[in-house]
Every structure is written in C-alpha cells, then in structure tokens.
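Input: a single structure, listed below in structure tokens.
The values are calculated or read from the model by the stated rules, or taken from the named source; none is laboratory data. Worth saying up front: this structure is predicted, and the values here are computed from it rather than measured. Cβ placement follows ideal geometry from the backbone for every residue including glycine, while neighbour counts extend to all protein chains displayed.
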Amino acid sequence: MAASTPKAEHDSVTPATHVKPNYYLIWVVLGVLTLAEVAVAFLSGMPKQILIVVLVLLAIWKAMLVAMYYMHLKFEPRKLWIVAVAPLPLAVILVMVILTEHW
Amino acid sequence: MSYAAAATMERGPSSFGVYNLKLGMWVFLLSEVMFFTGLIGAYIILRFARPEQFAEPGVVLNVPLTALNTFILICSSVTMVKAYAEIERGNQKGLRTYLLATVVLGLVFLSIQGIEYTVLGHEGFVPMADRYAAHGRQGGEAVLGGPLYGATFYTMTGFHGTHVSIGVFCMIFTTIKAFRGGYSAANYGGVEIMGLYWHFVDLVWIILFTIVYLI
C-alpha cells in the first residue's frame, strides 16, 4: 500500500495525453488572421457596422483557436467544457445590464 | 494521513475528469473572464455614450506597432505550448529552450507596451487628459473632448499588462524549476497550468486588440 502511494501521486499530476495538433500551422493561421484584421480595419472601406461585425468575428475565430488548440479545450473531458462555458451566459448578462444603462 | 496521501488528494483527479490543480486554474480563469468582460462592457458603453471623447482607429494609437506586439504574444503562446509538448515527450532541453523563449517574448511584449506608453505620454495622451489633440499617424486628426479615451485605454491595457507581468514573473520560476530538473514526462502538471494562464492572457489580448485598437 505504501509503495503504491507515490505512483498514484505521480500519475495524478500527469495530464492525459491526446493527439497533438499542428501548433505551427495554428500559429501561421493566427498570424494571417492578425494581418487580415489590420487590413480589413484600414484598407477595406467597409461601412462601420459591417466592419465591427467582421472584426469581432475574426477576433472570436482567433480566440477560439487559442482556447481549442493551445489550451487544449478541444481534447478535454466534456465536464470541463461545462466549467469553461459557464461564465459566457453570465458575461452576456453583464454586458446586457451595462448596455441598458445607455439605451 | 501521510503527506503523500494528502498530496494525492490535493492533486488527484476531480469529479470533472481533470486533476484538481488544473480545475482550480480553469475556475480562476473563468473569474478572469468576468473581470475583463466588465472592463470591456464599460468601455463599449462609454464609447457609445460619449463618442466625442474617442478617436478613430489609428489616429491616436500606433496600430502597426501594436499589431506587431500582438504577433509577439501569439509567438509566445506557440513557444509555451511547445514547451508543454516537449516535456510531455520527456525532452528536458526542449522544455527549457521553449520556456526561456516564452519569458523573452513576454518581456519583449512588455517592453514594447512600455515604449508605447512612453510615446503616448510624451504626446500628452495620459489617463486623465481633459483635452488632447493628435495629428493622426495615418493622416487623421483627433481632438478629444474629455478624459474617457485615455482612462479606458490605460485601464484595459494596463490591467492586461499587469497580467502579462505576473505571467512572466511566474514563468521565470517555472523556468528555474525546469532548469533544476523539476519536471519530467511523468510530472509536468505545473507546465500545463502555467501554460493555461499564459494562453488566456494571449486570448484576452486578441479581444482587446480588436476592440481598443481596430474598432
């Protein structure tokens, strides 16, 4: 029993292994998306409302890539997903409450 | 209860299918989501409520420099995740190299942000400037009628910079531990937890860059 305890401790601090994504490919995509953001913001000549939507979507795309592949959320147990998305409805409620101060 | 048993309980798997330290970091990061949501929400409402106090993108702020800084932070995320991947394979040299690179890139990010603050400060764009006139870097011109732009800009980027500084500080300790052989293919949870924090800081900057600098 005493001999098994250190092994149990050892295993418990070792994250579960999973298929490794191509980190460099994601890095290239993030770099290209950053360039695209700047180009869209200053060179596209889009109407402001459309521009805001496009830029926010590009930012969300980049953020999702970081969360899914660099933070490995894509490979985590479903239960952790519940924890990860838990603040999103709360964040929406917070923003809505703040916005009602103006409108 | 022996120390080893206590340590196992502390670090062992939680009911969420991940070890407790990792779950703890995720819960902490979720509180950080709410923190930055509050800041961003306040910025949005102030910007819509008092548009005369805000400048168009690129007029006051140096977007190309910050785009470069954004890319540097993205590069630091790659080196961080590579450090994790290397120690997972048991490659100590790779872990140390990539952790060191991450520290350096984090310091470069902070240095560029410091340069940006210094230049803006010399131009008179300080947190509570009542009136501020700028000849835009891209041909525009701005005369701000109040302090909100400076206050919100420095609050959001400053809090993020503080998070990066804390991250670099902790990363230095992680790197020192790595150089002392503190991690192995059987025990690298600390690297993963440090990485989660670092990637979150990168993720927040991706959002801030778009909202503060481009919109």
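What the table below lists for this structure:
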quantity: Among residues of region A:19-40, those that are more than 26 Å from B:P57 (Cβ to Cβ) and without any contact (Cβ under 8 Å) to a residue 24 or more places away in the chain, counted; calculated: 4
quantity: Some residue of region B:147-161 being over 22 Å from the mean Cα position of the chain (by Cα), within 14 Å of another protein chain (Cβ to nearest Cβ) and more than 30 Å from A:L94 (Cβ to Cβ); calculated: no
quantity: Residues located in region B:33-54, provided they are within 18 Å of A:I93 (Cα to Cα) and either touching a Pro at 6+ places or on another chain (Cβ under 9 Å) or basic (K, R) (or both); calculated: B:V33, B:M34, B:T37
quantity: Region B:167-215, residues that are surrounded by fewer than 17 Cβ atoms within 10 Å (Cβ to Cβ), at the interface with chain A (Cβ under 7 Å from one of its Cβ atoms) and not aliphatic (A, V, I, L, M); calculated: none
quantity: Options B:I74, B:I115, B:I87; residue that is aliphatic (A, V, I, L, M), part of a helix (DSSP H, G or I), out of contact with any His (no Cβ under 8 Å at 6 or more places or on another chain) and more than 14 Å from chain A (Cβ to nearest Cβ); calculated: B:I115
quantity: Any pair with Cβ under 8 angstrom, 6 or more apart, that starts in region A:62-75 at a residue that is within 8 Å of chain B (Cβ to nearest Cβ) and on the phi > 0 side of the Ramachandran plot and ends at one that is assigned to a helix (DSSP H, G or I) and at pLDDT below 95; calculated: none
quantity: Verdict on B:F48 being assigned to a helix (DSSP H, G or I) and at pLDDT 90 or above; calculated: no
quantity: Test: residue in region A:79-86 that is among the hydrophobic types (A, V, I, L, M, F, W, C) and more than 20 Å from B:F28 (Cβ to Cβ); calculated: no
quantity: Test: B:D130 is out of contact with any Gly (no Cβ under 7 Å at 6 or more places or on another chain) and in contact (Cβ under 8 Å) with a residue 12 or more places away in the chain; calculated: no
quantity: Qualifying helices (runs of 4 or more DSSP H) (wholly inside chain A; at least 3 residues being over 24 Å from B:I45 (Cα atoms) and modelled with pLDDT under 80); calculated: A:4-12
